[in-house]
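To start, the structure under review is shown below, and the notes come after it.
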Amino acid sequence: MLENKDAVIFDLDGTLVDSMWIWPTVDIDYLAKYDLIMPPGFHQPMEGMSYTETAQYFLDTFPTLERSVEEIKQEWTEMAYDSYTTKVPLKPGAYEFVSGLKEQGFKCAIATSNGRELVNATLKALGILDFFDSICTACEVAAGKPAPDVYLKAAGDLQVDPAHCLVFEDIPNGIMAGRNAGMTVCAVEDDFSKELTLKKRQLAHYYIQSYDDIRNKQYEVL
């Protein structure tokens, strides 16, 4: 999997950390706070959106929500902060895998749809912030996933050819973003996207249940 690769780029939520369970509760509490009703199919368009794009999606969906994009993002950050810094674990085998990459001389980056404040706080709380040479959020580029922008920014920061980057992702739009950037992509098992497993397998180059699969050479080549 790492042959001819110079850098490894990770999505954060559902990929490197087990955190996707936080957001349905945040959404429910946030909508209740402003007496808003969740319409059918509300969550589907949000897959891969940046933090900023998601806030704008809320404003477009709920015209009565008299908040700015930045105000919404800050409210979400405050609502999720404690869970991210005290309750979110690394995926099994992730610490050993990332620390091993650094020992072997690989460059590492984060390319996430989440907000920078939550990302930095989470990585610091888990003791892995210093493992990453670059942290990129989709709020800092023109478009969120499946557009390749955030992955191309990460490769640019690392000064590595996209073709020599390996990406880890947990959702189809994220996998497509990595592929659209010309990178090799490994899909990661996550309970939150369980119903999308077949689609993830169809899109990715590799599939793992956990990062221990890489060390044990039990990953799937698709």
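The values are calculated or read from the model by the stated rules, or taken from the named source; none is laboratory data. Just so it is clear, the model here is predicted, and its values are computed rather than measured. Cβ sites come from the backbone with ideal geometry, for glycine too, and all protein chains shown count toward neighbours.
Values computed for the structure shown
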{"item": "Any hit, region 79-99, residues being surrounded by 14 or more Cβ atoms within 10 Å (Cβ to Cβ), assigned by TED's automatic domain parsing to the domain that holds residue 152, outside any helix (DSSP H, G or I) and of a type in the set (Gly, Ala, Ser)", "result": "yes"}
{"item": "Verdict on residue 42 being assigned to a loop (DSSP other than H, G, I, E, B), aromatic (Phe, Trp, Tyr), farther than 22 Å from residue 166 by Cα and without any contact (Cβ under 8 Å) to a residue 60 or more places away in the chain", "result": "yes"}
{"item": "Complete set of residues in region 107-138 that are charged (D, E, K, R) and in a loop (DSSP other than H, G, I, E, B)", "result": "133"}
{"item": "Some residue of region 198-206 being in a helix (DSSP H, G or I), in contact with a helix residue (DSSP H, G or I) (Cβ under 7 Å, 6 or more places away or on another chain) and crowded, with 19+ Cβ neighbours inside 10 Å", "result": "yes"}
{"item": "Pair list, Cβ under 6 Å, 6 or more apart: region 51-70 residue touching a residue at least 40 places away in the same chain (Cβ under 8 Å) and in the same structural domain as residue 34 (by TED's automatic domain parsing), other residue assigned to a helix (DSSP H, G or I) and exposed (fewer than 15 other Cβ atoms within 10 Å of the Cβ)", "result": "none"}
